[in-house]
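The values are calculated or read from the model by the stated rules, or taken from the named source; none is laboratory data. Small disclaimer: the values here were computed from a predicted structure and weren't measured. In this analysis, Cβ positions are derived from the backbone assuming ideal geometry, glycine residues included, and neighbour counts consider all displayed protein chains. Each accessible area value is taken on the protein alone, full model and side chains, heavy atoms only, with ligands, DNA and RNA left out. Shrake-Rupley method; radii C 1.70, N 1.55, O 1.52, S 1.80 Å.
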Amino acid sequence: MDVFSGYMDKLIGELSSLPGIGSKTAQRLAFHIMYMPQERVESLAKSMTDAREHVHYCKECLTLTDQELCPICANPKRDHKTIMVVENPRDLAAYEKTGKYEGVYHVLHGAISPMLGVGPSDIRLKELLQRLQGDVDELIIATNSSLEGETTAMYISKLVKPTGIRVTRIASGVPVGGDLEYIDEVTLLRALEGRTEL
Ligand code: ZN
């Protein structure tokens, strides 16, 4: 039974397809939007289409940015010889929030998962290996401590060790299966400081 108009149902449907938004929240948001001034709704919609249109991968670390290089890669004060490998831009953001990491990053956009059919060529490993041709002192592997994250860490370590570059893994203060973005800054820092050689 259609309770609302087709437009309203479509909006609720679109909103509830977003992660973490159930049908009740979707309804609440849809009603909220109906009561917002027209220009606020237009600005909200435009910020979504603008971001989608202009945001792409950083040429260097592959995080999301609207410049050629993200602000981290473009910053000469960062230590460009230390690269931290993360699974996604959210993990990068979590480490940036600690304000203590001075190196740069490499975003894989996924993790190796034989179960899900995600192989090494499905994540951005090729780009990482290219970066390692340059002047790099240390590669810190900060993939999640899930099975996929560990598999990916092992794979990268095997590839990189023969090059002589120091390869480290963040400490297991990060709970198993824990998504990095949900872990507080103190735990993240501890994991970084307690990293071990691979
Ligand atoms: Zn970058």
Highest-fluctuation residue, Arg40, Arg90, Arg52 considered, GNM on the chain with Cα pairs under 10 Å: Arg40
Computed accessible area, Phe31, all protein chains, 1.4 angstrom probe, square angstrom: 70
Qualifying lysines (Cα of each under 30 Å from Cα of Lys81; at least 8 residues distant if same chain): Lys59, Lys97, Lys100, Lys126, Lys158, Lys161
Helical mean residue ellipticity (222 nm; -39500 (n - 2.57) per DSSP H run of 4+; nearest 500) of the chain: -12500 deg cm²/dmol
Top of Tyr95, Tyr35, Tyr57 by mean-square fluctuation, Gaussian network on the chain, Cα under 10 Å: Tyr35
GNM flexibility winner over the chain from His109, His54, His32 (Cα, springs under 10 Å): His32
Accessible surface, the chain, averaged per residue in Å² (probe 1.4 Å): 61
Accessible surface of the chain, 1.4 Å probe, proportion on carbon and sulfur as whole %: 56
5 angstrom amide H check on Cys61, placed H, neighbours 5+ away: Cys70
15 Å beta-carbon shell around Glu102, net charge (K/R +1, D/E -1): +1
Under 18 Å from Lys24, Cα to Cα: lysines that are on another chain or at least 8 residues apart: Lys10
Solvent accessible area, Å² - Val41, 1.4 Å probe, full protein context: 40
Crossing angle, helix 6-16 versus the chain [Cα axis fit, 0-90 degrees, rounded to tens]: 20
Prolate/oblate/rounded label for the chain (Cα gyration tensor, a/c 1.5): prolate
Mean separation of Cα contacts under 8 Å, 6 or more apart, over the residue count of the chain: relative contact order %: 15
Rounded to 5, percent antiparallel among DSSP beta bridges of region 42-198: 30
